[in-house]
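The values are calculated or read from the model by the stated rules, or taken from the named source; none is laboratory data. Since the structure is predicted, the reported quantities are computational estimates derived from the model, not experimental observations. Here the Cβ is made from the backbone with ideal geometry for all residues, glycine too, and neighbour counts use every protein chain on show. When the accessible area is computed, the model is the full protein with side chains, heavy atoms only, and any ligands, DNA or RNA have been set aside. Shrake-Rupley method; radii C 1.70, N 1.55, O 1.52, S 1.80 Å.
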Amino acid sequence: MAQIIAVHSFRGGTGKSNLIANIASTMALGGQRVGIIDTDIQSPGIHVIFGLNESKMELALNDYLWGRCNIKDAAYDVTDALIVDQGNTNTLKGSLYLVPSSIKAGEIAKILREGYDVVRLNDGFQELIQTLKLDYLLIDTHPGLNEETLLSIGISNVLVILLRPDNQDFQGTAVTVDVARKLRVPKMLLVINKALPSLNFPDLQQQVEKIYNVSVAGVLPLSEEVVELASNGVFSLRYPQHPITQTIKRITDQIAGVIKRQEIGGRR
């Protein structure tokens, strides 16, 4: 049974899409069948990390939401992006698929003007899992809280909340955590991103865990290498030995561990 992982941040600019791309790639390299849906329809971007541009995106999530196609028709196999960066054609056993949102101004304006059927979006999640036989589906949510993000949070097996060590992020994260608890999300994990390297990371982690009573899966530093890469590829694939990559692997392992414990608990 596929596991749905929603990755959310209350405010924009936290690095959510990059985190999702790195977690999903790590899972796929570990032999899993992984899907990503970019539901940040108002400001899509994760497709850039996997080298998809507008000319390659004949169909997008928008087309499915307006009944123009099936969800699987808007799913692009981006497994080759892992092979290009890793050179591991013979060892790669997993698969990675991406359902992008349209970057066309007219399509974005249509969403803002007319909205879409959130129930159909949920149907699309389930249909994609079944047709692609996914082990994991990662949802890239829109920042803040709206009908779509509430759906994504509510149906997730694990909610990963990304925040920066910033007072505005702290306040917004408190709202998200409270809403997730009301929706009875099975498990939440926090990830702190863009922390100044001069900070004491263990102390920061302890403080944040105390504030929200939620485990921090990892603390990622503000990094020149990440800025220099500028979303031109998946960081953990370009820098496999980098400390950030090692932290991402630990975050991915914690997500898998949480899900495994849920499955064991469900069988009892």
Checklist line | Selection within segment 148-181 - assigned to a helix (DSSP H, G or I) and of a type in the set (V, I, T) | finding: T149, I153, I155, T173, V175, T176, V177, V179
Check: Would a scan of segment 194-212 turn up a residue that is in contact (Cβ under 8 Å) with a residue 60 or more places away in the chain, open to solvent by 20 Å² or more (accessible area, probe 1.4 Å) and out of contact with any helix residue (DSSP H, G or I) (no Cβ under 6 Å at 6 or more places or on another chain)?
Finding: yes
Margin query: Cβ-Cβ distance below 6 Å, separation of 6 or more or different chains: which pairs start in segment 40-59 with a residue that is of a type in the set (A, V, I, L, M, F, W, C) and end on one that is open to solvent by 20 Å² or more (accessible area, probe 1.4 Å) and not in a helix (DSSP H, G or I)?
Written below: V48/S231; I49/S231
Notebook entry, point to check: If you take just the helices (runs of 4 or more DSSP H) that sit entirely in segment 201-256, which of them hold at least 1 residues that are closer than 21 Å to L82 by Cβ?
Noted result: 224-229, 235-238
Notebook entry, point to check: Taking segment 248-268, which residues are touching a residue at least 12 places away in the same chain (Cβ under 8 Å) and more than 19 Å from G31 (Cα to Cα)?
Noted result: Q262
Note to self: Between a residue in segment 168-192 that is over 15 Å from N157 (Cβ atoms) and any residue that is small (G, A, S) and open to solvent by less than 20 Å² (accessible area, probe 1.4 Å), which pairs come within a Cβ distance under 7 Å, given they are 6 or more apart or on different chains?
What the structure shows: L190/A217; V191/A217; V191/G218
Check: Quick check, is Y116 open to solvent by 10 Å² or more (accessible area, probe 1.4 Å), among the aromatic types (F, W, Y) and within 21 Å of I248 (Cα to Cα)?
Finding: no
Note to self: Going by what's in this entry, would R68 be described as within 26 Å of L189 (Cα to Cα) and among the charged types (D, E, K, R)?
What the structure shows: no
Next item on the list: Mind listing whichever residues of segment 224-238 are over 16 Å from the mean Cα position of the chain (by Cα) and surrounded by 18 or more Cβ atoms within 10 Å (Cβ to Cβ)?
Entry: V226, L237
Notebook entry, point to check: Taking segment 76-130 on its own, how many of its residues are charged (D, E, K, R), touching a Lys or Arg at 6+ places or on another chain (Cβ under 8 Å) and either at pLDDT below 90 or under 26 Å from Q241 (Cβ atoms) (or both)?
Noted result: 1
Notebook entry, point to check: If we keep just the residues of segment 239-268 that are open to solvent by less than 50 Å² (accessible area, probe 1.4 Å) and closer than 15 Å to K187 by Cβ, which is farthest from the chain's Cα centre (by Cα)?
Noted result: G265
Item checked: For N193: the one exception among (1) assigned to a loop (DSSP other than H, G, I, E, B); (2) under 30 Å from G31 (Cα atoms) -> (1)
